[in-house]
Amino acid sequence: MATPASAPALRRIDGSAVRVLVVDDEQMLTDLLSMALRMEGWDVRTASSGLQALQAARDFAPDAMVLDIMMPDLDGMAVLQRLRQSGNDVPVLFLTAKDAVGDRVAGLTAGGDDYVTKPFSLEEVVARLRGLMRRAGTAQSAESEPILRVGDLSLNEDSHEVERGGVAFELTATEFELLRFLMRNQRRVVSKAQILDRVWNYDFGGRSSVVELYISYLRKKIDQGREPLIHTVRGVGYMIKAPQ
């Protein structure tokens with residue numbers, strides 16, 4: 001599946017697909033992450049242990065790495081340490097347990113670039129990786145700014161600023177992720193199941209009613225008193241599109 005036209009395609013400086021290495025010993029998690037990253041048009045490899053990660057980093061030469069801290073043989077900290085000692089400065093996004101504050105601090109101190117806590121949304125991981133690779137200068141987008149637009153609505157993926165018609169809106173983290181997902185798929189109908197998979201935690205297991213609730217929150221902030229951008233396609237899902 002190609003990257004939607006509304007999301008600036010991220011490419012290596014030479015124009016080829018960016019490379020991301022995903023390292024985690026949970027097969028379901030690596031499968032989900034790989035699927036989400038390949039939907040961006042990225043070249044993805046996986047590893048299930050620290051030793052495999054080091055070998056893959058040498059063979060694959062990734063532009064970014066998603067690295068779990070708790071793994072068999074070598075943990076994520078040890079992998080990062082060996083990478084840095086060998087002169088490999090690939091940007092690393094750590095996956096940490098929700099309450100492992102010490103791990104997050106240690107990971108960033110050891111040379112990690114960013115972290116997300118489990119459980120996380122797939123959209124958040126994609127956004128964090130895009131930011132890491134842009135800042136590292138290993139990849140660039142087709143547009144000079146990471147801004148998504150639908151009609152007079154704009155969303156800045158880096159600063160998290162959202163405006164419509166020059167009026168700024170304050171969104172919660174979940175509202176922002178939901179709006180970003182809709183805007184990156186503008187003029188496409190996305191189902192409640194797709195929204196749950198991409199916006200809520202990968203193991204959320206929630207009911208579709210939470211999607212309806214957050215769509216109503218967005219409509220009150222984005223569409224109230226204006227020509228609507230967010231549309232319900234009954235029995236299918238939701239779509240965002242500019243007025244005709």
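Looking at V211, is it modelled with pLDDT of 85 or more and hydrophobic (A, V, I, L, M, F, W, C)?
When the stated conditions are applied, V211 passes them.
Which residue, of A106, A127, A139, is open to solvent by 40 Å² or more (accessible area, probe 1.4 Å) and either at pLDDT 85 or above or among the small types (G, A, S) (or both)?
A106
Looking only at residues in segment 163-179 that are at pLDDT below 90 and open to solvent by less than 60 Å² (accessible area, probe 1.4 Å), which one is farthest from R149 (Cα to Cα)?
Among residues in segment 163-179 that are at pLDDT below 90 and open to solvent by less than 60 Å² (accessible area, probe 1.4 Å), the one farthest from R149 (Cα to Cα) is T174.
Which of the residues belonging to segment 225-244 are aliphatic (A, V, I, L, M) and more than 21 Å from S191 (Cβ to Cβ)?
Selection gives A242 alone.
Could you check segment 113-137 and list, in sequence order, the residues that are of a type in the set (A, V, I, L, M, F, W, C) and under 19 Å from S34 (Cβ atoms)?
Passing the criteria: V116, F120, L122, V125, V126, A127, L129, L132, M133.
The values are calculated or read from the model by the stated rules, or taken from the named source; none is laboratory data. Just so we're clear, the structure is a prediction, and the values are computed from it rather than from any experiment. Glycine gets a Cβ as well: all are built from the backbone with ideal geometry, and neighbour counts include every protein chain shown. Just so you know, the surface numbers come from the protein's heavy atoms only, side chains and all, with ligands and any DNA or RNA stripped out. Shrake-Rupley method; radii C 1.70, N 1.55, O 1.52, S 1.80 Å.
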